[in-house]
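Below: the structure, in structure tokens.
The values are calculated or read from the model by the stated rules, or taken from the named source; none is laboratory data. Note that the structure is predicted; figures quoted are calculated from it, not measured. No Cβ is skipped: glycine too gets one built from the backbone with ideal geometry, and neighbour counts run over all protein chains shown. These accessible areas exclude ligands, DNA and RNA; they are computed on the full protein's heavy atoms, side chains included. Shrake-Rupley method; radii C 1.70, N 1.55, O 1.52, S 1.80 Å.
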Amino acid sequence: MMEKVQKLSITDELTGLYNRRYYTQIIDNEIRRAERNKVCFGYFILDIDNFKRFNDNYGHQRGDQVLMQVANRFRSVLERPDDFVFRMGGEEFLIIFTGETKSKVINFAQQVIEAISMLKIEHGYNEKYNIVTVSGGLVVCEPKEKYMSADEMYKMSDELLYAAKEAGRNSLKSNS
């Protein structure tokens, strides 16, 4: 019983992904672990493009279905035990993961974005694509430099996310 209650306290009710509460519990430890292991740390905020317009036109029930489909795709792409995906609220997700090199971290983040568009979920109000897409802001911390704090990474990746949206959506912007 206690294990079930604990699991409910760290997961998002709709998607089953980790929630913001769990993020705040583990983020500092995960950053320190990446530093200790001398690997690149990826801090990746993603947002479903034009999701408000999706909900307004297809309805919130269909919007919830899309959130669950996107969450399932994230789970299928993020398979390693030290890959974490969180639903931070609404249509915003955060993924933290590690990689051997900066280019591998960036390539993996690009694969995540492509995995969502490969779902080919109709979204007639997402101009240019007409399917559900995501945009993302990625901060990569490398072992040869001092890692940023979680707050610094969040702020920078959020700014990069908005740059990706301004650049036409369905894209990734990173700090490198």
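For the range 118-169, the convex hull drawn through the C-alpha positions has a volume of 104 cubic angstrom per residue.
Among Val77, Val85, Val66, the residue with the largest mean-square fluctuation in a Gaussian network model of the chain, with springs joining Cα atoms closer than 10 Å, is Val77.
Between 0 and 90 degrees, the angle of helix 150-166 with respect to the longest Cα principal axis of the chain falls at about 40 degrees.
Compared with the dominant Cα axis of the chain, that is its longest principal axis, helix 102-117 is turned about 20°. Per residue, the range 33-155 exposes an accessible area of 48 Å² to a 1.4 Å probe, with every protein chain left in place.
Which of the lysines could a cross-linker span from Lys38 if the Cα-Cα distance has to be under 22 Å and same-chain partners fewer than 8 positions apart are dropped? Once the sequence-local lysines are set aside, what remains near Lys38 is Lys102, Lys104, Lys144, Lys146. The dipole here belongs to the chain: it is taken about the Cα centre, uses +1 on the Cβ of Lys and Arg and -1 on the Cβ of Asp and Glu, and is about 260 debye. Helix 60-77 and the longest principal axis of the C-alpha atoms of the chain enclose an angle of approximately 40°.
Farthest toward the positive end of the dipole of the chain, out of Ala115, Leu46, Met88, is the Cα of Ala115, where the dipole comes from beta carbon charges about the Cα centre.
Modelled this way, with points 7 Å down the Cα-to-C-beta line, the labels at Gln25 and Gln65 are 3.3 nm from one another. Of interest is the spacing of the C-alpha centroids, which for the range 131-160 and the range 66-114 amounts to 13 Å.
With one equal scatterer per alpha carbon and no solvent term, the Debye-computed log10 I(q)/I(0) for the chain at 0.12 1/Å reads -0.54.
Here the relative contact order of the chain, from alpha carbon pairs under 8 Å that lie six or more residues apart, stands at 27 percent.
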